[in-house]
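Structure first, commentary second.
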Amino acid sequence: MTTLKAQSMTVQAPPEPKSQLLNSGKCGMLCLIVSEIAFFGTLLAVYLFYIGKDPVGTIAPSDVLDVSVAPMKVVFNSIFLLTSSIWITLAVRCLARGNIMGFALWWLLTILFGAEFLVGTGMEWYGLIAVEGLTIRTNLFGSGFFTVVGFHAAHVTIGLFLLSLVFVLTCLGKMHKRHAEKVELLSWYWHFVDGIWIAVFTIVYILGN
Amino acid sequence: MAPDDHSNSKQQGIDLPAPTSAPFVCAFGVTLIFSGIVTNWAVSILGFVLALVGAIRWWHEVLPDNQKECIPFQSERPIVKPKVGGVAHLMTADSPHRARLPMEIHPYGAGIKGGIAGGIVMAIIAGTWGVVSHGSVWYPVNILGSTILPTMQGDDAAQLAQWHTASFVFGILIHAIMSSLVGLLYGIILPMVPHFRLAFSAIAIPLMWTGLTWASLEVINPLLQNEINWLVFIGSQVGFGITCWFVVSRSERIGTMQNWSMLERIGVESPNVPPIGGDE
Amino acid sequence: MTALDHSGNPLRAKATFLGRMHEWVSTADHKKLGVMYVTTGLLFFLIGGLEATMMRWQLAVPDSSLLSPSDFNRLFTMHGTTMVFLVGMPILLGVANYIIPMQIGARDLAFPRLNAFGFWLFLFGGLLLYFSYFGAQGLYGMGSSPDVGWFAYAPLTERTYSRGHSTDYWILGLLVSSFGSIATGINLITTILTMRCPGMTLMKMPVMVWVMLIDAILIMIAMPPLAAAQVMLLFDRLMGAHFFDVQGGGSAILWQNLFWFFGHPEVYILILPAFAYVSEIIPVFCRKVIFGYPLMVAATVSIGFISLGVWVHHLFALGLSPMVNTIFMGSTMLIAIPTGLKMFNWVGTMIGGKIRFDTPMLFSTGFLALFLIGGLTGVMLSVVPFDWQVSDSYFVVGHFHYVLFGGLVFAIFAAIYYWFPKVTGKMLSETLGKWQFWLLFIGFNLTFGPMHVSGMLGMPRRIYTYHADRGWELWNMLSSIGVLVQIAGVTFFVWNVIQSLRKGKDAGADPWDGWTLEWATTSPPPEYNFEEIPKVYSCRPLWDLKHPEDPDWKYE
Ligand code: HEM
Ligand SMILES: [Cu+2]
């Protein structure tokens, strides 16, 4: 291309072009999040559509999910998940400043809080399935509940797996300041998982009753 | 994954992402996981293991940094050469290209006037035909009225020759509206017809209109098909066309904004004032 | 494929067969992946065509008993699914893969390994779907391939009505391959948004890049809902959930809404690339800059938006409220406006141009004619009372084949003739190409034109045979004869590709005197595309270089 540039220059120099700045990692992660939102949006729309469509007599959301009856279970868990978003932000900041130790600590805290949420969900499910007798085949509520909450839990699990991977790498001393950007992308995913939980919580636990 | 940085590290080549079978293995694993659902759980297990192997390899490729392979420059280098010979430019608005836009038009009122005049001529022709063939002026009026009056749709020729108040009112109304609308259309179209405007109004349009009526009559009122004398029908259309053409073409023409500049059309400048900065 | 192999490259292992296989399997190069996408897409095209031929053979005469009713059901299901997901999608992704990075002056997509991952997911998903022919025996020894239609309406897909695993194969095969499509879609968006060469602002991108950006955005938004719906269906079938199980309170109508919420954007995902190709080809072969570039962009964006809000036109016959029907009738008609605008822009580009009717241009012109007809029947169908009359009849089959075959497939052939020289360094034969075009054009109209008539005469789609007394015989016979002509056309194409690969004329870097950056490098391009990342100053960087005395950037 060198030759041609010279040739075009001889006639009249066009204005020097500017280059772009947007970063591919961020753009890709945003796109991933948008498509995930489309996925969860569909599940949640179906859940909304089926609210109250079960025949009376089968287990209804108000029988088992009423937040005012059992606040400790879900609200407690939610607080754990949502606050983990704060810890991960702090962790990324530490890494960006080169404070690996601080990064490792906040990161570990994030993982622990996320894990607590997962355990909480597991216990809730155990209660619903074993005690209340609600399964995915019971009725529309069961189908919707386990699908929506299950997919969310699956995303939390994937997130935790990736977070742990980074943690292991940190312990092996392989994480450095220059990885702050990759790690930040992971934190975006984690924020998304939290954000979706707000939507799930609102629809399943509040509107659904 | 972070973007791959395509920098030009050494002068004799370019760094590109190194080939890797990780995506292949990982994708195969993922597929097997799903296949297990319809075959055997063991397939899913195998798939999971493969997917994990693929993923770990993949991470090794990109973590902590992306793996690169240096591709040496190839000997052949493409050159885009300037072309000899000038560049032709399309003709611009000054020499209109295949577009025939009327620079002057007849006022819309002239079209309506022509339509009304033509409508009267048409009514006279049709009325005469009614008297001659069925002994009644009302016959053509009733034919028109019966297209929208459901009560009259089964009437035979004898009934159509009698006086019907409703049919008269509606018949005249339809005729008046249609005549003025068609007249308006004439008034708009005529300035755009390049040649033979009389033939256009007196032959082409009447024939087209008759064809349209003939074809759509089956939908509008199938029983009417035997009641209409198509020759007279065409005759009355021709009468309309000639009259309408006569009235319209005698009217005074007014200029359009077609040759005004954009600024003039927006109203920022008035026409006939030379545009700022000479001609463009 | 040999032509693509840059032998003489000292770093590469010797090109043994295995070595070369390994090179293709482990590649992350957008050009190799693009070629693999298009090649597999074309192979599936032959398979899907075979299925269609069998159906037309069965329907050629009334009361035919060549195929059993259940075989017929499997054929139309596999035909539709194959053509949409395994032909349309891979080819559009493949061409984008190959061409987009070159047009924006980049060396690869933003995520090359993810790109490879997407391709392999697509391929394995397709193979999984076809594996159903052997593996779907399932519980009761029933079924082989899926037989529920490409839109798989509930409750036909529920356990009660679809025993065995055939429907599961449909779900899983598509699920896997749609993951691949979403990944590649995201990859394309990121590439276009972040990897343009210096100077290429959004409004200096070639039209194709704009259109593929919108296309990828549609993929990103519309495919996940299908995945969600399919997952719910899978839960119904495997775990006894009740989403679409009408006996358990589930809603069949919900499935229809979910499917078409994906389905209509999907048809636009398929047609937008066709718009992209002809928008590149027509200007080059008319020697004029594209007419109305900003309008073209605006029309593309608004098509993207509107296509997300028209899906109910597939449900007009469902008995929804008149209010809903009217609203969606309006939105459906609305989409014809930007689409029509594009038609005018292409024609506007042709007017006054120095048109060269080489094969790519021939196919593009064919596209204009046929897509116009398909668009017009589409507008007819958007009128609710008319749709009630012909919904689910051969008229609809005629409509969507005019847009998908006459539109997409003709544009794909145009694109193949246009870019084959770039990809392989060899020209395709013009003579064979013209034969192919005319055979395909005539055969296509012979097959799908009469379908409008048989549909108006009341022939429902998806029936495996019909009685002789309906007055449909002639039209069906014509349709079936048309297929033979089309087969002849496709044979010319296959022959042309084989011949040209072996002893085609050398193409040189820029056989068509093109204006976008892919023509600024050798054919086939080196792995790094451009030795030095180009700088651009206008929509037509090569024009600027070829005509330094009158460059485009002076006008933009
Ligand atoms: C001018 C724009 C278009 C309009 C107004 C339109 C309208 C419609 C309507 C109303 C239907 C439903 C017919 C019925 O099932 O009763 C339909 C079906 C269909 N259209 Fe279009 N369409 C347009 C363009 C397209 C394009 C560009 C494509 C694809 C490239 C397409 C592909 C299809 C397909 C595949 C079906 C049938 C789906 C099925 O039932 O299997 N249409 N169209
Ligand atoms: Cu549609």
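The values are calculated or read from the model by the stated rules, or taken from the named source; none is laboratory data. Just so it is clear, the model here is predicted, and its values are computed rather than measured. Quick reminder, even Gly has a Cβ in these numbers, built from the backbone with ideal geometry, and neighbours come from all protein chains shown. Note: areas computed on protein heavy atoms with side chains; ligands, DNA, RNA excluded. Shrake-Rupley method; radii C 1.70, N 1.55, O 1.52, S 1.80 Å.
For C:Arg159 and B:Met192, what does the FRET efficiency come to when R0 = 51 Å and r is the distance between their Cβ atoms, rounded to the nearest 0.05?
0.15
Work out which helices of chain C, taken as complete DSSP H runs, extend at least 27 Å along their axis over the Cα atoms and score a mean Kyte-Doolittle of 1.0 or more, then list them.
C:112-135, C:166-194, C:207-239, C:252-286, C:359-381
Using modelled backbone amide H atoms (1.01 Å from N, in-plane), which distant-in-sequence or interchain residues come within less than 5 Å of C:Lys426's amide H?
The answer is C:Ala507.
Given labels modelled 7 Å from the Cα in the Cβ direction, how far is it in nm from B:Leu217 to B:Ile254?
4.0
If R0 is 56 Å, what FRET efficiency do you get for B:Tyr108 and C:Lys434 from their C-beta distance, rounded to 0.05?
0.65
Please check which bits of the stretch C:428-449 a label hung off C:Ala488 would reach, taking the label as a point 7 Å along Cα-to-C-beta and the cut-off as backbone N under 20 Å.
Under cut-off, by backbone N: C:429-449.
When ligands, DNA and RNA are left out and all protein chains stay put, how many square angstrom of accessible area per residue does chain C have with a 1.4 Å probe?
I get 33 Å² per residue for chain C.
Please report the relative contact order for the stretch B:9-72, taking Cα pairs under 8 Å with a sequence separation of at least 6, and give it as a percent rounded to a whole number.
That works out to 46 percent.
About the Cα centre of the stretch C:33-546, what is the dipole size in debye to 20, counting +1 per Lys and Arg Cβ and -1 per Asp and Glu Cβ, all else neutral?
Roughly 900 debye for the stretch C:33-546.
For B:Asp156, C:Asp550, give the ranking by accessible area with the largest first, probe 1.4 Å.
B:Asp156, C:Asp550
Dipole magnitude of the stretch A:77-209 about its Cα centre, charges +1 at Lys/Arg Cβ and -1 at Asp/Glu Cβ only, in debye to the nearest 20?
With only Lys, Arg, Asp and Glu charged at Cβ, the dipole is about 540 debye.
State the answer as a single residue: which of C:Tyr37, C:Ala520, C:Val84 lies farthest towards the positive end of the charge dipole of chain C, with beta carbon charges of +1 for Lys and Arg and -1 for Asp and Glu, about the Cα centre.
Selected residue: C:Ala520.
Got a sec? Which residues in the stretch A:149-181 would a label at A:Ala96 touch, if it sits 7 Å along Cα→Cβ and we count backbone N under 17 Å?
A:176-181
How large is ³J(HN,Hα) for each residue in the stretch A:132-146, as worked out from phi by the Karplus curve 6.51 cos²θ - 1.76 cosθ + 1.60 (θ = phi - 60°), to whole Hz, x for Gly and Pro?
Couplings: 7, x, 9, 10, 5, 9, 4, 6, 4, 4, x, 4, x, 4, 5 Hz.
Can you put C:Val297, A:Val75, A:Val168 in order of accessible area, largest first, using a 1.4 Å probe?
Final ranking, largest accessible area leading: A:Val168, A:Val75, C:Val297.
Rounded to the nearest 20 Debye, what is the dipole magnitude of the protein assembly as shown about its Cα centre when Lys and Arg each give +1 and Asp and Glu each give -1 at the C-beta?
That gives a dipole near 1900 debye.
What is the calculated FRET efficiency for B:Trp230 to B:Val169, with r their C-beta to C-beta distance and R₀ = 35 Å, to the nearest 0.05?
0.85
Name the longest site-free stretch of chain C, where the excluded sites are trypsin sites (Lys or Arg not before Pro) in a DSSP loop with no more than 16 other beta-carbon atoms within 10 Å.
Longest run free of exposed loop sites: C:15-158.
Using only protein heavy atoms and a 1.4 angstrom probe, determine the accessible area buried between A and C, summed over both sides, in Å² to the nearest 100.
Using a 1.4 Å probe, the pair buries roughly 3600 Å².
Report C:His399's accessible area, 1.4 Å probe, all protein chains in place, as a number in Å² to the nearest 10.
Accessible area of C:His399: about 40 Å².
For a protection proxy built on the mean count of beta-carbon atoms within 10 angstrom, sort A:95-107, C:121-133 highest first, please.
Top of the packing list down: C:121-133, A:95-107.
Using 0.36 nm times the number of residues separating C:Leu238 and C:Phe344, minus their current alpha carbon distance, what extension gain do you get?
Answer, rounded to one decimal: 33.1 nm.
Would you work out if the stretch C:291-346 is rounded, prolate or oblate? Take a ≥ b ≥ c from the square roots of the eigenvalues of the alpha-carbon gyration tensor; rounded if a/c is under 1.5, else prolate when a/b is larger than b/c, oblate otherwise.
Cα axes put the stretch C:291-346 in the prolate bin.
Is any residue of the stretch C:159-200 close enough, with backbone N under 15 Å, to a label point placed 7 angstrom from the Cα of C:Val246 along the Cα-Cβ axis, and if so, which?
Those under the cut-off are C:159-162.
Working with all protein chains in place, sort B:Lys113, B:Lys68, A:Lys73 by solvent-accessible area computed with a 1.4 Å probe, largest first.
B:Lys113, A:Lys73, B:Lys68
Describe numerically, in nm with one decimal, the distance between label points set 7 Å from Cα along Cα→Cβ at A:Ala130 and at C:Met333.
Taking the two extended label points, one gets 6.2 nm.
Residue farthest toward the positive end of the dipole of the stretch A:18-139, with Cβ of Lys/Arg at +1 and Asp/Glu at -1: which of A:Leu44, A:Leu128, A:Ala91?
Most positive-ward Cα: A:Ala91.
Determine the alpha carbon to alpha carbon distance for each of C:Lys288/C:Lys546; B:Lys81/C:Lys422; B:Lys83/C:Lys288; A:Lys182/C:Lys535; C:Lys32/C:Lys426; B:Lys81/C:Lys426 and list only those over 23 Å.
Flagged as over cut-off: A:Lys182/C:Lys535.
If I model a spin label as a point 7 Å beyond the Cα along the Cα-Cβ vector, how far apart are those points for C:Asp513 and B:Gln67 in nm?
That separation, rounded to one decimal, is 4.8 nm.
Count, for each residue of C:23-31, the Cβ atoms from other chains sitting within 10 Å of its Cβ, then give me the mean as a whole number.
So the per-residue partner count for this stretch is 4.
Taking the Cα centroid of the stretch A:69-124 and of the stretch C:335-388, what is the distance between the two, rounded to the nearest whole Å?
55
Between the stretch C:226-286 and the stretch C:158-178, how far is it from one alpha carbon centroid to the other, in angstrom?
15
Starting from the amide H of B:Gly13, placed 1.01 Å from N in the peptide plane, find each other amide H under 5 Å away whose residue is 5 or more places distant or on another chain.
HN-HN under 5 Å from B:Gly13: B:Phe73.
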